[in-house]
Structures are given as structure tokens and as C-alpha cells.
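Everything below concerns the one structure shown next.
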Amino acid sequence: EATMNTSVDAQFAPNSEYVSSVHEMCAIVFRRYHSPLKAWDALYKLSKDYQKQKKALTILHGYSNAVIKRRKKELEDAKLHISNKEDEMGNKHRLVFLDLLLLSEVDGKPLPHNVIREEVDTFMFEGHDTTTSGISFTLYCLSKNPKVQVRIYFQSSFFTIVQDKVFTELKVIDPQG
């Protein structure tokens, strides 16, 4: 949502066509990666997974194209003057990634639609998996390193004690003055 200014609502609609297609593509990539026969494109194109992949990609690309089209129209309709300057309160207004892509130019020409869509696909498809992968990899590494587990345990215990002490010593601010 933060990079594309759109919400997939995956938590609220886990059975949506888009979410199902993301899960399907993950499964297809996993199966292809683990199958020596599917490594060759000629053989892979004869498989059922290839047909499923084409269908899933049509849905994923369709969703990405719709997001790009909608945001492009919003930018054109509003004739927004977008800048990264600070407002009167000192807050910087940052552009979302999709806006940066839509407003970017190379040699005075806007980026081609296929380049924008590839970037949108990458962020929308991979965005769901990065936290899970990071946590899983961290837990895996910890499971293989008992000495590190002990260090983390003692460090977290120490900070819990320090934190408790800091909070008990905080003075209460009286709003009455």
C-alpha cells in the first residue's frame, strides 16, 4: 500500500482472485525450482503448471495494469503539483513509488508502461513475502546457533530489567501544572 498507493486487502479478502494468484505463482515457482524437467522451457511449456502460470500471470498483470491506469488518471485529473518540499508544519510530503515511476522521464520521455508494470509487479508480488522470509531465515539461523540463542536470551533479559527500572523511575507529569 505504501509503495503503490493502493490496498490489496489481503487480510480482509484472502480468497480474492489476486491473492489466490499470488499463492498459485509461489507454488508454481517452488515446484518448477525443484523439478529438473521443468528447468527446460520446452518441457515446462508442456506441463499443467505452465497453463496455470499463464492464467495466474494474466490476473496479476491485469491487477497491476488497473492500479497503474487508475493512479495515472488520478494524477492527470487532479493535475497535481507534486513535490518533496516541506509544508507549513515542516512535514515532508513523500511521493509513493508508483507516482515516482509515473512521473519519471528518461531522455525527456516517460517510462514505458511495461517498465512501470514490471516494477509494480515486483513490489506488489514480493511485498507479501519479505517479512515472512526474513523472520523465517532469522529463526532458522538461530536454531542452528545455540551460543547465539544464549546471548540473545541474556541481552533481552538485561534490556527488560533496564526498561522496567526506567519506567518505574519516570515522573508523572501533572497536567494541572
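Numerical summary
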{"quantity": "Enumeration of residues in the range 28-42 that are within 17 Å of residue 57 (Cβ to Cβ) and surrounded by 13 or more Cβ atoms within 10 Å (Cβ to Cβ)", "calculated": "28, 31, 32, 38"}
{"quantity": "Identity of the residue in the range 69-110, among the small types (Gly, Ala, Ser) and modelled with pLDDT under 85, that ends up nearest to residue 18 (Cα to Cα)", "calculated": "78"}
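The values are calculated or read from the model by the stated rules, or taken from the named source; none is laboratory data. These numbers come from a predicted model, not from an experiment. FYI the Cβ positions are ideal-geometry reconstructions off the backbone, even for glycines, and counts take in every protein chain you see.
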